[in-house]
1. In whole Hz, with x marking every Gly and Pro, tabulate ³J(HN,Hα) for segment 145-153 from phi via Karplus 6.51 cos²θ - 1.76 cosθ + 1.60, θ = phi - 60°.
2. In whole Hz and in residue order, list the ³J(HN,Hα) couplings for segment 133-142 that follow from phi through the Karplus curve 6.51 cos²θ - 1.76 cosθ + 1.60, θ = phi - 60°; x for Gly and Pro.
3. For the pair residue 18/residue 156, report the inter-label distance in nm, with labels modelled 7 Å from Cα in the Cβ direction.
4. At a threshold of 8 angstrom on Cα-Cα distance, excluding pairs fewer than six apart, so keeping six or more, what relative contact order does the chain reach in percent?
5. Could you give the C-alpha radius of gyration of segment 20-159 expressed as a fraction of 2.2 N^0.38 Å, taking N as the number of residues it contains?
6. Give me, ordered by chain and number, the residues 5 or more places off residue 66 or on other chains with an amide H under 5 Å from its own placed amide H.
7. Taking 0.36 nm per residue of sequence separation and subtracting the Cα-Cα distance, how much length would be gained by fully extending the chain between residue 10 and residue 75, in nm to one decimal?
8. Which whole-Hz couplings ³J(HN,Hα) result when phi for each residue of segment 74-87 is put into the Karplus expression 6.51 cos²θ - 1.76 cosθ + 1.60, θ = phi - 60°, listed in order with x for Gly and Pro?
Amino acid sequence: MAGTVALDTTLSTLGGESRPLEEWMTTFHLASVVLDPFTNESSWVLKTAARILEALRGADVRVNLVVTCTTDEAKQFLGPLTEQFLVFCDPDRRFVRGLGLKTLPAFVFVRGDGSVHASAEGWNPTEWRAVAESIAETTSWIAPAIPVAADPSPFHGTPALG
């Protein structure tokens, strides 16, 4: 995992709005779940990711999903979640590379200065809980319960760079 991600890294929304990371974090840190829609592993954690991000919505973070695909592919993979969350598309995986991720899915907390404050790769509930607790501690929020009975069993994930 990278210590910091370049603030000039461009992130694009489903609507096609592109801005450097620095502009997306003008007011809030980022709490991102990074998914590869071309793998089963990312689909296995989708409901869990939505539950976790929803629980963090009121914290001083910009909760979002980052998908390593085009906008059309993201809409197909995420379905109604595209209406619930801010979604960034990273088809060339520049953001993923900048974060230094090796495995997806991933849960990443990026502070406003670009520092990667906490991250978890693959689905390891203990590691995802640590990221959520880091977000909660930083923002004076309450971390969601991780795992819950409906969550999948732990799994390693797939290579982040495809």
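The numbers here are math on the coordinates, done by the rules we state, and not lab data. What you see is a predicted model, and the numbers here were worked out from it, not measured in a lab. Note that we place each Cβ from the backbone using ideal geometry, even for glycine, and neighbour counts take in every protein chain shown.
1. Per-residue couplings from phi come out as 5, 9, x, 10, 4, 7, 6, x, 5 Hz.
2. 5, 5, 4, 4, 5, 5, 9, 6, 10, 10
3. 3.5 nm
4. Result for the chain is 29 percent.
5. 0.94
6. 33, 34, 35, 88
7. Stretched out fully, the residue 10 to residue 75 stretch lengthens by 21.4 nm.
8. Here the 3J(HN,Hα) series is 5, 4, 5, 6, 8, x, x, 5, 5, 8, 8, 10, 5, 10 Hz.
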